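Below is one structure; the comments refer to it alone.
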Amino acid sequence: MDFSLKESLSYAKKDEIDKWAHEFLNNEGSNVKLSKVMNGKGYWLGPVEVPFSKLVRCCGPEKNMKFYEEKEKFYKHVENIIKKFQEGWDMPPFIAWHLNEKLSLADGNHRIEALRKIGFKKYFAIMWFEKSSDFKKYKKMFDKTL
């Protein structure tokens, strides 16, 4: 697997985005714990283009972040992503978790900040929902882009 946007879209067309997301989280995303929480339950939507205003970071140098990271380390990672993206990297979609009525970035906190710095206002995300009602609400919202 190359863990690219193109590949994720291909899996979505086969209705296997959950499979792609778990492979990504267990490899490139380095988040085995999150994959275990989401495995075998819930509802997946995407990848769809999502405005950054709808996504909430949970990792970064701000004091209120659930996963705090020192400013220098965080922005060094962001700069590396910018360089890689500008060299043609087919960046994988973010993975967002619908949590407390918000789309929390479970994976992609550095990538979203990199894209913001170079002027993007939206990018592709895969969203995971625990409740069917939340999934249906967001599916209806994004149906026009699927």
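The values are calculated or read from the model by the stated rules, or taken from the named source; none is laboratory data. Quick caveat, the model's predicted, so the values are computed rather than measured. Methodologically, a virtual Cβ is constructed for each residue, glycine included, from the backbone with ideal geometry; neighbour enumeration extends over all protein chains shown.
Observations
- Residue within the stretch 76-97 that is touching a helix residue (DSSP H, G or I) at 6+ places or on another chain (Cβ under 9 Å), modelled with pLDDT under 95 and assigned to a strand (DSSP E or B) present: yes
- Neighbours by Cβ (under 7 Å, 6+ apart or cross-chain): first from the stretch 107-136, under 15 Å from residue 17 (Cβ atoms); second exposed (fewer than 14 other Cβ atoms within 10 Å of the Cβ): 124/49
- All of 102, 63 fail the test of being within 20 Å of residue 125 (Cα to Cα) and of a type in the set (Lys, Arg), apart from 102.
- For the stretch 17-62, the set of residues classified as charged (D, E, K, R), surrounded by 15 or more Cβ atoms within 10 Å (Cβ to Cβ) and over 18 Å from residue 109 (Cβ atoms) consists of 18, 23, listed by residue number.
- Selected residue (criterion: nearest to residue 93 (Cα to Cα)) from residues of the stretch 20-62 that are at pLDDT 90 or above and over 13 Å from the mean Cα position of the chain (by Cα): 23
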